[in-house]
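Before any comments, here is the structure.
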Amino acid sequence: MAETVEYVVRIVGLGGDDEDKNKKTDALSSGLKGLQKSMHPIQNALKHQKGESTKAAVGKEFAKNVINTTELLVVNSINRYFVMSEDYKNQNYLNNVMSNINKAKSFGGSMITGAIAGSAGGPIGAIAGAALGGLASYTKMKVEYNNTLRSYKASLNATRVETSFRAERAGLYDGGKGTEN
């Protein structure tokens, strides 16, 4: 005989206790408030640096948000175009260009930060700080490149070994000799 199984389904949000609804609403509203607070330019600008006016800090924060949002929209639109047109060669080229631009921005930012930190020691300190910042950024990029290259070579070697094994197993060895039956 077949057994009877009973399932109970509770639909959340369309019934239940008022207490459950209030808890969910409170959690949602506090999460939204936290998100609004963290993204709001005025809140972020209140943490401005010494000597900077609140108006300038708000303007800078607003400009930074506009630039980041615009960059995100443009990059997403470009990626959507490449996916829809299946133009992988130009997509790869653009990704390489964007990667180089980001590396240059990172390198320049490191040099500027180093110069600002070293400026306490006067002009020579600023130059030394910029050089140290540039050296640190270059070293980081070089280590990332070497790690990527090492990973690529390991992957290539694994593919070569697997291909060699499959060819040997199929009798495709010694330049294709041994394939005659």
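All of the numbers you see were taken from the coordinates with simple rules; none came from a lab. All of these numbers come straight from a predicted model, not from anything done at the bench.
With 26 Å as the limit on Cα-Cα distance, the pairs of LYS60/LYS140; LYS89/LYS140; LYS89/LYS153; LYS103/LYS153 that go past it are LYS60/LYS140; LYS89/LYS140.
Please label the shape of region 52-123 as rounded, prolate or oblate, based on the square roots a ≥ b ≥ c of the eigenvalues of the alpha-carbon gyration tensor (a/c under 1.5 means rounded; beyond that, a/b larger than b/c means prolate, else oblate). The shape class here is oblate. For region 87-169, the square roots a ≥ b ≥ c of the C-alpha gyration tensor eigenvalues yield an a/c of 1.5 or more together with a/b not exceeding b/c, which makes the shape oblate.
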